[in-house]
Structure formats: C-alpha cells, structure tokens
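Working notes, beginning with the structure itself.
FYI, it's all coordinate maths here, none of it is from the lab. Since the model is a prediction, treat every value here as computed from it, not as a measurement. FYI the Cβ positions are ideal-geometry reconstructions off the backbone, even for glycines, and counts take in every protein chain you see.
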Amino acid sequence: MANDNEKDKDKSTEKNKEKKEDRRAYRRKRRIRNQILAYVVLILLVAAVVLGGIQLIHMLAGKWSGQAGNETQTDPVAQAEETETPTEEPGVISTPDPVEDFSEPEPTEAEPEEPALDPALQALLDGMTIEQKVDGLFIVSPEALTNVERATKAGDGTKAALGQYAVGGILYSTNNVTGADQFKDMISTTKDMYRELYSRNVLCIVREEGALNTVAGNMTKVEAAASASEIGESGNRENASEAFQTIGNYLSEYGIDVDLASIAAVKTEENSYLKDRCYSDDADIAASMTGAAVEGMLTTNTLPCLAAFPGEGGLSTNPDKGAGSTDKTMEDLQACEYLPFRSGIEAGVPMVMVSAMQVPASGEDLPCMLSEAMITQELRSELGFEGVVITAPLEQIPSSAGIDCGSAAIQALQAGADMIVVYKHDHYEEAREALLAAVNDGSLTEERINESLIRIYTMELDRM
C-alpha cells in the first residue's frame with residue numbers, strides 16, 4: 001500500500017511539473033507573438049510615414065511644375081511637335097533635359113509703411129493753396145512784409161500785406177521796438193490778424209542772446225542776461241540754463257515764439273567777429289553751455305534756434321558785411337566746431353540756422369545754406385538733426401557768388417533747408433516768384449514743399 005501511495009504521489013508531481021512547463025511555454029509563445037505584433041505595427045507605421053512623405057513631395061512637385069507651366073503659354077502646334085518621340089541615330093546618347101529648380105524664392109523684406117500724418121496737420125495742408133504753401137517757407141522782417149522803411153505798428157498796411165503774403169515767420173529787430181507796451185501790441189495784433197486770415201499761427205521771432213538782444217535792450221525795462229563769454233567763464237552750465245530760461249519766459253510774455261539763440265560757436269579765431277557772443281575757445285565748454293542753454297529755454301514757451309551751422313567762431317568778418325570761408329577740413333570741423341551743435345541737438349533743439357559761410361572741404365563751392373553736402377549730409381546725416389533748418393538771410397550771399405535771390409531760394413530747398421530768411425521786400429518777392437515758377441515747371445515739387453511744412457507745423461503742434 002505504501003508503495004502504491006508513493007507511486008501515485010510521484011505521478012501527481014510529474015503532472016504538476018508538466019502543467020508548469022506547459023504554462024511557461026504558453027507564456028513564452030504569447031510573449032513572442034506580442035513582440036512580433038509590435039514589430040509588425042512599427043514597420044507598418046514607418047512605411048506609412050515614408051509613403052506619406054513621398055506622396056507629399058510628389059504633390060508639391062506637381063504644384064510647382066503646374067505653376068511654372070501656367071507662367072508660359074505654349075502654342076498647341078509647337079506643343080504637339082514637342083510630344084512626338086524623336087528618331088535618334090543609333091549610337092548617339094541624347095542629352096537629358098535640364099532639371100527645373102524648385103527651390104523657394106528668397107523672401108523679400110516688406111518696406112515699412114510711412115506713419116499716417118496727424119489729421120489736424122493733414123487738414124491744414126489740404127486747406128492751403130500752393131501760393132500759401134510757398135509763403136509758409138519764408139521768414140521775413142516786418143519791412144520785407146510791408147515794404148516800409150521802419151515798422152513799429154501793426155495796422156491796415158500789415159493786415160493787407162498778410163492777406164497777400166501768408167509768410168511762415170516774421171523776424172523782428174531793434175528797429176521794431178520802441179517800448180514794452182508798443183512791442184507787445186505789435187506782436188499780438190499781427191498774430192490776431194494772421195489767425196483771422198488763415199486760422200493758424202505765424203512764428204514771431206527775435207534774436208535775444210543776453211548782452212546782444214532785441215527786447216531787453218530797447219526801452220522795455222527788461223534786464224539783459226549776461227553775455228555768453230561771461231557765462232562760459234563761470235564754468236557752471238547751470239548759469240547758461242538759468243539765463244536762457246529767464247530769456248524764454250519774458251519773450252513768451254511778448255508773444256515771441258522763437259529765439260535765434262544761443263550762438264553755437266567755438267571762438268577759434270582771436271579776432272572773431274562774434275567776440276563775447278561765444279561761450280569759449282574751448283570746444284567742450286562751448287558744447288556744454290550750448291546744451292544747457294537749449295535745455296533751459298525748452299522749459300519755457302519759447303523755442304531756441306542754434307546759429308549758425310557749421311559755426312562762425314573762426315570768422316573775423318561779420319557775414320552781414322561779406323562772405324566768410326574756412327580752410328578747415330571736415331575732420332577738423334567735426335572734432336571742434338560741430339560739438340556745440342551736437343550738444344544742442346542732443347538736448348532737443350527744434351531749429352538750426354545754417355550760415356552763409358563757405359566750406360571748400362565739403363566739395364561744394366557754395367554758401368553752406370545752399371549746400372546739400374552741408375545741410376543734408378553733415379547737419380542731418382552726420383549730426384542726426386531732424387528738426388527745422390532755416391537759412392541765414394539771403395542778403396548775406398555776396399554778389400561775387402553770382403547767385404540771385406530766386407536761384408538761392410530754390411537751391412536752399414533742394415539742399416534740404418525748410419525756411420528762408422529775407423530782410424528786404426524786393427528780395428522776398430524775387431525769391432517767392434522763383435519758387436512758384438519752379439513748382440509750375442516741375443523743377444520743385446509740391447511734395448518737397450509739404451515735407452518742409454510738415455516739419456514746421458509739427459514743431460508748432462508739439463509746442464502746444
């Protein structure tokens with residue numbers, strides 16, 4: 001019995017072993033099958049991606065070739081001839097057709113759109129006649145406007161003259177001032193007349209630079225500021241700032257819009273005609289004081305205008321009495337005379353007057369105010385000035401230059417100037433008629449005139 005039981009037990013153990021082996025074999029087969037299925041699925045996915053990529057390439061190639069085919073219309077007869085299979089001579093290998101280049105064209109940069117013009121400014125330009133636009137480029141003396149010997153009052157003659165000539169600015173001198181109340185009344189009446197006629201402002205301008213002045217020196221009971229040389233000798237740029245802040249404040253009480261100051265010059269000539277009107281013979285000091293003067297006046301309602309580019313500190317003769325010239329190189333000017341202008345421009349000066357002096361090194365045998373090299377290349381490009389450029393008075397152009405007022409006005413605008421200064425009535429009419437004739441014959445475009453007017457009126461809008 002015992003032996004039978006042991007045999008049965010051995011048989012049971014054998015069966016259990018066989019069952020375990022069967023289960024292991026089954027699991028192994030199932031694992032192998034799953035692995036095979038995973039490999040098959042992976043292969044199918046890779047094949048699908050490859051086939052899809054090939055199909056996409058064919059589609060793109062067909063699209064590009066279709067576009068290329070549409071660009072060139074082929075004659076049907078010629079096309080039929082091309083499709084015929086040519087008979088080739090035996091032994092001759094035909095040259096394969098060139099493969100079309102389907103590379104994408106180089107992207108072209110879109111030109112930046114010009115910013116839209118201020119609606120108020122656009123409306124102002126649209127409401128002006130071409131005569132009014134040309135007049136708006138002139139700064140004239142009251143005598144040039146009214147054709148009188150001395151103007152000290154704005155009456156019927158002034159109103160009639162303004163109705164005929166819509167000038168952009170009026171430059172007053174000591175000749176027009178007899179007292180505080182008289183000068184204030186003259187300015188305010190002129191402005192009222194102009195607004196009534198044109199619904200806009202006319203720039204009223206003086207030269208007030210401390211010891212040399214228009215208002216403070218003519219019975220107005222205004223104490224003159226210190227001279228530029230005194231301010232420069234102090235070594236304190238705050239003195240320059242405070243002086244021109246004071247000047248700007250009292251000029252605005254008179255209704256003055258622009259002051260032709262300060263003088264941006266380095267006194268490089270001991271006998272300079274500017275004398276005490278220069279801050280210093282040191283370029284760095286002159287530059288520092290010029291920038292401070294601009295900063296001071298810009299805190300008021302009066303706009304500064306630097307005079308006169310590229311710097312007249314090396315001239316012994318006043319340009320009013322004869323043309324000046326410099327033998328300095330452009331590198332010399334950039335290292336010295338340009339520094340006060342650069343400082344004033346960085347301080348935010350809105351206007352710069354350009355001198356009648358000549359700079360032969362510029363490559364142009366012309367007064368700077370008629371020179372594209374000096375205005376466009378040097379003042380605008382080299383120094384980065386984007387504001388209003390005005391000329392020195394046309395009367396400073398020497399007769400030896402052989403340039404009449406009409407030609408000078410045209411050349412000034414073509415060189416890049418925005419406003420033209422004229423002292424005398426006949427010179428103003430000559431220049432005005434020349435500009436109108438140039439517009440009529442196409443040598444001067446209305447777009448070029450608008451360009452200057454936009455600068456002028458943008459300056460006005462920014463001040464309001």
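Stretched out straight at 0.36 nm per residue, the stretch from Asp365 to Asp441 would grow longer than its current Cα-Cα span by 24.7 nm. Maximal additional length on extending the Leu197-Ser399 stretch stands at 69.0 nm, based on 0.36 nm per residue less the C-alpha distance. Under the simplified labelling scheme, the Ser381-Thr317 pair shows an inter-label distance of 3.1 nm, with each label point 7 Å from Cα along Cα→Cβ.
Placing dummy labels 7 Å off each Cα toward the beta-carbon, the span from Glu242 to Glu230 is 1.3 nm. The slack in the chain from Thr178 to Ala335, taken as 0.36 nm per residue of separation less the alpha-carbon distance, amounts to 52.2 nm.
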